[in-house]
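A.B. asks: I'd like to ask you about the structure that follows.
The values are calculated or read from the model by the stated rules, or taken from the named source; none is laboratory data. Owing to the predicted nature of the structure, the values given are computational and were not obtained by experimental measurement. Note that each Cβ is placed from the backbone with ideal geometry, even for glycine, and that neighbours are counted across all protein chains shown.
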Amino acid sequence: MLVRDASGVIDQLSTRGSTMSTSSTPLPGGTWTAGDLTLTRFGYGAMQLAGPWVVGPPADHDGALAVLREVVDLGITHIDTADAYGPRVTNELIREALHPYPESLHVVTKVGATRDERGGWPPARRPDDLRRAVDANLESLGLDALDLVNLRMGNAEGPVSGSLAEAFETLVELQRQGLVRHLGVSNATPEQVAEARSIAPIACVQNVYNLAVRQDDELIDELAEAGIAYVPFFPLGGFTPLQSSALSAVADRVSATPMAVALSWLLQRSPNVLLIPGTKSAAHLRENAAGAGLVLSEQDLAELDQIGR
Ligand SMILES: NC(=O)c1ccc[n+]([C@@H]2O[C@H](COP(=O)([O-])OP(=O)(O)OC[C@H]3O[C@@H](n4cnc5c(N)ncnc54)[C@H](OP(=O)(O)O)[C@@H]3O)[C@@H](O)[C@H]2O)c1
């Protein structure tokens with residue numbers, strides 16, 4: 001059950017899983033608790049801070065630092081990153097802008113892919129690759145332990161079936177050693193999510209999902225039942241911004257931007273959905289944080305539901 005007060009703040013959310021969301025933030029959606037991590041459901045995806053196509057430094061270094069400081073000023077406690085962004089660039093910006101980190105801030109990273117000279121994302125999931133990647137994230141972020149690490153499966157085109165056991169067990173071992181606190185999986189098939197859960201508890205799944213890409217509808221509901229967060233990447237369409245006449249029609253009717261409607265729809269989709277919209281603009285960040293709290297009507301939701309069907 002989702003209840004908002006007049007300002008759009010969520011007062012109470014309950015799921016049948018063990019994880020609770022409550023309001024301890026003015027950000028839209030309230031918070032989600034994963035073990036000892038309290039994550040604002042409105043988070044921030046840092047990938048777009050690197051240069052074009054996530055390679056090299058940003059055109060505006062100081063602007064990137066300002067966006068990250070604004071993230072914290074807004075009260076966001078969930079930043080999503082990866083050492084492969086840049087590579088290293090995004091993590092180093094996060095460290096430069098925010099280290100020593102506020103206690104409430106959780107920087108979530110991922111391992112399992114590296115970068116090649118053409119900007120590609122070749123998989124790197126052998127045990128040695130993963131140990132190196134965890135070390136690289138610790139070093140570039142300036143941390144002794146990583147709060148949450150996602151094992152990124154598949155490739156740039158999407159999930160690819162096949163066992164993740166060896167890779168995931170390597171991360172479980174790094175967790176036992178205290179280098180990683182919580183585990184998740186990313187770009188994964190439902191079968192891989194189930195396989196990971198059979199090996200060790202997971203805190204989240206991070207897959208592509210938005211108004212137009214609905215392949216994980218069943219998975220989201222299943223994870224909600226189990227109290228596991230679902231973190232959609234490309235919530236605004238990623239490199240190809242969401243464009244739909246149905247989305248524009250709803251946005252016009254509620255006097256909001258399509259971005260605000262797309263984010264609000266995700267927050268209303270299920271209480272276990274956590275947002276990590278990306279932007280290199282502090283103005284867009286503020287706009288998204290303000291806009292994601294729209295309460296969409298049954299009619300709005302029904303029209304939006306048709307987009308990805
Ligand atoms: N696990 C994985 O394999 C994986 C893959 C991809 C991404 N991710 C994560 O998911 C996060 C989100 O994905 P994303 O950043 O690529 O895509 P996104 O959040 O869907 O969209 C970001 C794009 O939307 C634009 N935008 C944002 N707010 C806007 C606004 N208010 N008005 C107009 N344009 C706006 C941004 O441009 P401006 O910069 O100009 O605002 C940027 O081009 C990433 O940052 C990353 O952390 C994970």
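A.B. asks: Return the residues of the stretch 227-245 that are buried (at least 16 other Cβ atoms within 10 Å of the Cβ) and either of a type in the set (Gly, Ala, Ser) or away from the ligand (no atom under 13 Å from the Cβ) (or both); say none if nothing qualifies.
C.D. replies: Across the stretch 227-245, the qualifying residues are Gly227, Ile228, Ala229, Gly237, Gly238, Ser244.
A.B. asks: If I go through the stretch 247-277 residue by residue, how many of them are under 15 Å from the mean Cα position of the chain (by Cα), assigned to a loop (DSSP other than H, G, I, E, B) and either among the charged types (D, E, K, R) or within 14 Å of the ligand (Cβ to nearest atom) (or both)?
C.D. replies: Qualifying residue count for the region: 3.
A.B. asks: Which residues, counting only those in the stretch 183-209, are assigned to a strand (DSSP E or B) and surrounded by 21 or more Cβ atoms within 10 Å (Cβ to Cβ)?
C.D. replies: Leu183, Gly184, Val185, Ser186, Cys204, Val205, Gln206, Asn207
A.B. asks: Kindly check whether there is at least one residue in the stretch 54-71 that is in contact with a Ser or Thr (Cβ under 9 Å, 6 or more places away or on another chain), within 14 Å of the ligand (Cβ to nearest atom), at pLDDT 95 or above and farther than 26 Å from Ala113 by Cα.
C.D. replies: Yes: one or more hits.
A.B. asks: From Pro100, Pro57, Pro122, Pro52, which residue is surrounded by fewer than 17 Cβ atoms within 10 Å (Cβ to Cβ) and in contact with a helix residue (DSSP H, G or I) (Cβ under 6 Å, 6 or more places away or on another chain)?
C.D. replies: After ruling out the rest, the residue left standing is Pro57.
A.B. asks: Being at positive phi and assigned to a helix (DSSP H, G or I) is the filter here; which residues of the stretch 226-246 pass it?
C.D. replies: none
A.B. asks: Please indicate, with yes or no, whether at least one residue in the stretch 159-172 is modelled with pLDDT of 95 or more, within 22 Å of Trp53 (Cβ to Cβ) and part of a strand (DSSP E or B).
C.D. replies: The answer is no, given that none of the residues of the stretch 159-172 is modelled with pLDDT of 95 or more, within 22 Å of Trp53 (Cβ to Cβ) and part of a strand (DSSP E or B).
A.B. asks: Considering only the stretch 72-115, how many residues are more than 21 Å from Leu130 (Cα to Cα) and of a type in the set (Asp, Glu)?
C.D. replies: Counting residues in the stretch 72-115 that are more than 21 Å from Leu130 (Cα to Cα) and of a type in the set (Asp, Glu) gives 3.
A.B. asks: Which residue is nearest to Leu146 (Cα to Cα), if the candidates are limited to the stretch 125-135 and must be surrounded by fewer than 16 Cβ atoms within 10 Å (Cβ to Cβ) and not acidic (Asp, Glu)?
C.D. replies: Among residues in the stretch 125-135 that are surrounded by fewer than 16 Cβ atoms within 10 Å (Cβ to Cβ) and not acidic (Asp, Glu), the one nearest to Leu146 (Cα to Cα) is Arg132.
A.B. asks: Okay, next question. May I ask you to say which residue of Thr81, Thr90, Thr31 is under 14 Å from the mean Cα position of the chain (by Cα), within 15 Å of the ligand (Cβ to nearest atom) and at pLDDT 95 or above?
C.D. replies: Thr81
A.B. asks: Here is a further query. Of the conditions (1) touching a Pro at 6+ places or on another chain (Cβ under 9 Å); (2) under 28 Å from Pro58 (Cα atoms), Leu183 fails just one. Which one is it?
C.D. replies: Unmet condition: (2).
A.B. asks: I've got another one for you. Inside the stretch 143-168, can you point out the residues that are without any contact (Cβ under 8 Å) to a residue 60 or more places away in the chain and crowded, with 16+ Cβ neighbours inside 10 Å?
C.D. replies: The answer is Leu143, Leu146, Val149, Asn150, Leu151, Met153, Gly154, Pro159, Leu164, Ala167, Phe168.
A.B. asks: Additional query: Based on what the data block shows, is Leu294 within 14 Å of the ligand (Cβ to nearest atom), modelled with pLDDT of 95 or more, among the hydrophobic types (A, V, I, L, M, F, W, C) and not in a helix (DSSP H, G or I)?
C.D. replies: Criteria met by Leu294.
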